[in-house]
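The values are calculated or read from the model by the stated rules, or taken from the named source; none is laboratory data. Everything numeric in this text was worked out from a predicted model, so none of it was measured. For neighbour counting, all protein chains shown are included, and Cβ atoms are generated from backbone atoms with ideal geometry for every residue, glycine included.
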Amino acid sequence: MWLLFALGSAFFAGITAALAKLGIHGHDSTLVTALRTSVVFLGAWIVAAISIKGHFASELTAITPHTYLFLFLSGLATGASWLCYYRALQEGPASIVVPIDKLSILVTVAFSALLLREGISGRYLLGITGMCAGAVLMVIG
């Protein structure tokens, strides 16, 4: 099931750039990011309330301070990413901004290896190299 959600994530992330580029035209990127974040915020709370149903309060109070810390830090990183992303989209072509943004895979792999102790095989490194080379070719091509 996780694979379907991963594919859904890729699809929605893919259309996000084009929709954002259409919506940001002529407006301040920071304001547009704040508006978009408000939609995400409201939508996430609605989906959480519906999916948890009668267990919402108990689920919310069961979250540990350790988890809150990492969710907070993740939220800060997401916010910084979105602010940078929208500013880049405002000033540059989406077809170039998006491949550069996807180079975030390098950061994800590094953090996954260092913090989560996830292994990296030779085949995996070859795949990352190919993805990064593809992104570079898209940008310079």
| Do any helices (runs of 4 or more DSSP H) lying entirely in region 1-110 carry at least 3 residues that are among the aliphatic types (A, V, I, L, M), and which ones are they? | 2-24, 29-52, 65-91, 94-101
| field | Pair list, Cβ < 9 Å and 6+ apart or interchain, from region 65-77 residues that are under 22 Å from T33 (Cβ atoms) to residues that are modelled with pLDDT under 95 | value | L71/I63
